[in-house]
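Let me begin by presenting the structure, written as structure tokens, before commenting on it.
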Amino acid sequence: MAAPVVWKTPGEVRAWVKSVQLLGQRIALVPTMGFLHEGHLSLMREGGKRAEVVAASIFVNPTQFGPQEDLSTYPRDAAGDLRRCGSAGVFGVYMPEPSTVYPGGYQTYVNVEEVSQGLDGDKRPGHFRGVATVVAKLLALFRPDVALFGEKDYQQLQVITRLNADLELGAEIIGMPTIRETDGLAMSSRNSYLSPDERRRALGLSRGLFAAQKAAAAGEADVAKLLALIRTELVGVQAREDYVELVDARKLTPLTVLEKGTPARALVAAFMGKTRLIDNVAIQLG
Ligand code: AMP
């Protein structure tokens, strides 16, 4: 596969978008923060099935990090990422500088009111404002026919689906399943922070979620009991819970009992040492 084109400015992207539109071709966009793994690449490959050309962005977006978070240490590998994008069939990658996306005097932000509340919205104040702002800018710049995001960041996917509809940005938003390591750990750029011991213990998150998923499928409707199954696994691996919740899969409002036919989602955020990990699964009462 050819090495992707690299764009550094919105002007370069706009010129390319116009040329693609003139040819009547569809664009798929995959926004990322880089340090790419199979989860990211699965979105890019799916983009290639849904559109003639695939573009990606790699931008560690400062406005979605809190003051105590890992902006300055977020892992980076631009050269490796470009190779991986090329192998996944990506035509071009937008890699702007923060000062290009947020030049002096910048003052416009996007706030998605309801689905940004609760879960990560409560634990990471301002996070979804940063996410919504940068994704709205990317969707407005690329005008993609489809944009692909992972269910790994489940609340983020709901925020983006909402903003795309509300701002009439016209993309089809595709949510893609979480890609896991063979032992079940959800792939994440932040897994690179884990020591070998933390990496082993991190399995407690997915183990707990799968236990709850299995119990619900077997008929357990009591949400307190399902949450307890998840917490037992977190305690067992000495993970520090940030939240454990079972919510309505669309509105993200907490549930107390499961009902047949109502899609639900179990979500976990927990610290393994200094590293904050998130994961989630679909919950269906059997
Ligand atoms: P990030 O680089 O972490 O901002 O993620 C970029 C995109 O990749 C987001 O839409 C994520 O939800 C998605 N993503 C991250 N990890 C995974 C995974 N393990 N499986 C599927 N998609 C993922």
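The values are calculated or read from the model by the stated rules, or taken from the named source; none is laboratory data. Just so it is clear, the structure is predicted and the values come from calculations on it, not from any experiment. Virtual Cβ from ideal backbone geometry, glycine too; neighbours counted across all protein chains shown.
Annotations
- Where helices (runs of 4 or more DSSP H) fall entirely within the range 192-286, those with at least 1 residues that are β-branched (Val, Ile, Thr) and touching a Leu at 6+ places or on another chain (Cβ under 7 Å) are at 223-236.
- Considering the conditions (1) under 30 Å from Glu46 (Cα atoms); (2) among the charged types (D, E, K, R); (3) more than 16 Å from the ligand (Cβ to nearest atom), Arg199 is excluded by exactly one of them, (3).
- Listed conditions (1) within 16 Å of the ligand (Cβ to nearest atom); (2) touching a Gly at 6+ places or on another chain (Cβ under 9 Å); (3) among the hydroxyl-bearing types (Ser, Thr, Tyr) are all met by Tyr243, apart from (1).
- Any chance Leu229 is touching a strand residue (DSSP E or B) at 6+ places or on another chain (Cβ under 7 Å) and modelled with pLDDT of 95 or more: no
- Matching residues in the range 1-22 - criterion: being out of contact with any strand residue (DSSP E or B) (no Cβ under 9 Å at 6 or more places or on another chain) and more than 18 Å from Ala140 (Cα to Cα): Met1, Ala2, Ala3
- Cβ-Cβ under 7 Å pairs, at least 6 apart or on other chains, the range 145-162 side within 15 Å of Gln117 (Cβ to Cβ), far side more than 8 Å from the ligand (Cβ to nearest atom) and part of a helix (DSSP H, G or I): Gln155/Leu119; Gln155/Asp120; Gln155/Gly121; Gln156/Val131; Val159/Phe128; Val159/Val131; Val159/Ala132
- Only one entry in Asp120, Asp153, Asp70 is surrounded by fewer than 18 Cβ atoms within 10 Å (Cβ to Cβ) and either within 30 Å of Ala249 (Cα to Cα) or assigned by TED's automatic domain parsing to the domain that holds Asp242 (or both), namely Asp70.
- Hey, Ala218 away from the ligand (no atom under 13 Å from the Cβ) and not assigned by TED's automatic domain parsing to the domain that holds Leu138 or not: yes
- Under the condition of being farther than 16 Å from Ile173 by Cα and surrounded by fewer than 20 Cβ atoms within 10 Å (Cβ to Cβ), the residues counted in the range 42-58 number 1.
- Residue among Thr63, Thr100 that alone is more than 14 Å from the ligand (Cβ to nearest atom) and surrounded by fewer than 21 Cβ atoms within 10 Å (Cβ to Cβ): Thr100
- From the list Gly11, Gly39, Gly24, the one residue that fits, being closer than 25 Å to Val146 by Cβ, small (Gly, Ala, Ser), within 16 Å of the ligand (Cβ to nearest atom) and in the same structural domain as Leu148 (by TED's automatic domain parsing), is Gly39.
- The helices (runs of 4 or more DSSP H) found wholly in the range 110-191 and carrying at least 3 residues that are within 13 Å of the ligand (Cβ to nearest atom) and polar (S, T, N, Q) occupy 154-166.
- In the range 66-83, the residues that are within 14 Å of Phe35 (Cβ to Cβ) and touching a residue at least 12 places away in the same chain (Cβ under 8 Å) form Cβ pairs under 8 Å with partners that are of a type in the set (D, E, K, R) and outside any loop (DSSP other than H, G, I, E, B), at six or more places apart or across chains, as follows: Asp70/Arg190; Pro75/Arg190.
- Index of the failed condition, Arg207 passing every other in (1) of a type in the set (Lys, Arg); (2) within 15 Å of the ligand (Cβ to nearest atom); (3) without any contact (Cβ under 8 Å) to a residue 60 or more places away in the chain: (2)
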